[in-house]
Every structure is written in structure tokens, then in C-alpha cells.
Amino acid sequence: MPSHPMTRRLALQASLGLLAGAAVAQTRLPQFRTARYQFIELDPVEPMVPLALLGLDGKPAIARPVPGKVCLIYLWATWCPVCRITLPRFERQLGDFRARCVEVVSISTDERELAHVRDYLKRLGVTRLPVFYDRGGQALAAAGARQPLSTGEGLPVIYVTDRRGGVRGYMLGEADWASPQALALLNHVGGL
């Protein structure tokens, strides 16, 4: 008979564990994937460290998430073939994203001069998209472990931050961030 109370306790603990597991599963982000890549959720969520960069005008500027909005932080370079598709797509979708309280912040990590980046964007017709310049990704590298953003896995990479500036995860490569799957992820991150 002494095993009876223990069995009941184990059953109770197992039931509570299942309930806790269900609660954790509900807080996980919806999956978003392409044919080649999937969105990688970061745990724990860490805040994006503001980056002292340059604006396209060559003046100092701070790249950071927009408070109260979900942000797509897009790291790219002019040599990247996927970026030639994604930058104009973001330019076209900017108004729709903003209507959903989603901002796009793009950071060129190009090795070439800022003038080359400006000319490249002009050729693509990108004029409204917020663009920062981090030559060779030096500011990202200097932030080191304090910064959850990195180009270490390749370019392009896009990070998603929540309304408090916490980096929720990232995705490599080309993806349609206006697709139903992506919007479900962004809505979840935004608490909608």
C-alpha cells in the first residue's frame, strides 16, 4: 500500500507536466519555412542592441527596432543575388507592413563604398525603405556577444523583433514575408 500514494503523486506530476507542455507549445511561434530554409526561433529572447551606423546620406544614424512595432531587420549586401529580389519586394510591401504595425529596417553589410550601395538601391528603385550602412558588418562584429544579430551564417538574413525590441528569431535566404505563413508568425510576435 505505500506505493499507492506515490503512484497517485506520479500521475498528478505527469498530468501537470502535460498541461505545462501544452502551455509551452501554445507560446511557441507558428512555423514559417521556404523550400530551403525555416524560421529559427531564439530562446531566450534577447534585446537587439542599437547599432551606431551610417544612413544613406553618410551621416551617423542608429539602427534599432521601432518601439511598439514588430520589426524585420534585414541584413544584406549588393553582391547577394537574393537581395536583388527582396529589397524591391520590401519596397513595394512597405505600406502594407506599416498598416500591420510591422517596420522593415535594412542594413547593408557591404564591403564597398556607401556610394556604391546608394547607386545599387537607385538601380533597384528602392527609395522609401529605411537603409543603414555597416561597412563589412564591422558594427555587428564589434557588438559581439551583446548583439543577437549576426551575419555568421550567411546573407541575406532577416531577424524578427517583437514590440519590446526582443529578437525572436531569424531566417536565412529569400522568403515572402507577406505570405499567409509569414504574416501568421508576425501577428503572433506582435500579439495580434
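The values are calculated or read from the model by the stated rules, or taken from the named source; none is laboratory data. What you are looking at is a predicted structure, and each value in this text was computed from that prediction instead of being measured. Note that we place each Cβ from the backbone using ideal geometry, even for glycine, and neighbour counts take in every protein chain shown.
Could you go through segment 16-28 and let me know if any residue there is among the hydroxyl-bearing types (S, T, Y), at pLDDT below 85 and not in a loop (DSSP other than H, G, I, E, B).
The answer is yes; a qualifying residue exists.
Given the conditions (1) touching a strand residue (DSSP E or B) at 6+ places or on another chain (Cβ under 8 Å); (2) over 26 Å from P180 (Cβ atoms), report the number of the one that C71 does not fulfil.
Unmet for C71, out of (1) touching a strand residue (DSSP E or B) at 6+ places or on another chain (Cβ under 8 Å); (2) over 26 Å from P180 (Cβ atoms): (2).
For segment 126-146, enumerate the residues that are more than 15 Å from Y74 (Cβ to Cβ), free of Cβ contacts under 8 Å to residues at least 60 places away in the same chain and among the hydrophobic types (A, V, I, L, M, F, W, C).
A141, A142, A145
Using the structure shown, decide if Q138 is more than 21 Å from P60 (Cβ to Cβ), out of contact with any Ser or Thr (no Cβ under 6 Å at 6 or more places or on another chain), assigned by TED's automatic domain parsing to the domain that holds E103 and not small (G, A, S).
In short, no.
Every residue in segment 46-66 that is touching a helix residue (DSSP H, G or I) at 6+ places or on another chain (Cβ under 8 Å) and under 17 Å from R128 (Cα atoms), please.
Within segment 46-66, L54, L56, G58 qualify.
So, in segment 78-99, of the ones that are part of a loop (DSSP other than H, G, I, E, B) and in contact (Cβ under 8 Å) with a residue 40 or more places away in the chain, which residue ends up farthest from G154 (Cα to Cα)?
In this case the residue turns out to be T78.
Somewhere in segment 55-77, is a residue loosely packed, with under 14 Cβ neighbours inside 10 Å and either among the aromatic types (F, W, Y) or part of a strand (DSSP E or B) (or both)?
Yes; the residues of segment 55-77 include at least one that is loosely packed, with under 14 Cβ neighbours inside 10 Å and either among the aromatic types (F, W, Y) or part of a strand (DSSP E or B) (or both).
Just checking, which of L172, L121 is within 23 Å of R36 (Cβ to Cβ) and buried (at least 18 other Cβ atoms within 10 Å of the Cβ)?
None of the others qualify; the one that does is L172.
Take the residues in segment 124-140 that are within 20 Å of the chain's Cα centre (by Cα) and exposed (fewer than 14 other Cβ atoms within 10 Å of the Cβ); name whichever of them is nearest to D96 (Cα to Cα).
R128
A115 is checked against (1) under 13 Å from the mean Cα position of the chain (by Cα); (2) surrounded by fewer than 19 Cβ atoms within 10 Å (Cβ to Cβ) and fails just one. What number does that condition carry?
Evaluating A115 over (1) under 13 Å from the mean Cα position of the chain (by Cα); (2) surrounded by fewer than 19 Cβ atoms within 10 Å (Cβ to Cβ) leaves (1) as the failure.
Any chance you could count how many residues in segment 141-169 are crowded, with 17+ Cβ neighbours inside 10 Å, at pLDDT below 85 and either charged (D, E, K, R) or not assigned by TED's automatic domain parsing to the domain that holds I40 (or both)?
0
Considering G154, G169, which residue is assigned to a strand (DSSP E or B) and within 27 Å of L29 (Cα to Cα)?
From the options G154, G169, the qualifying one is G169.
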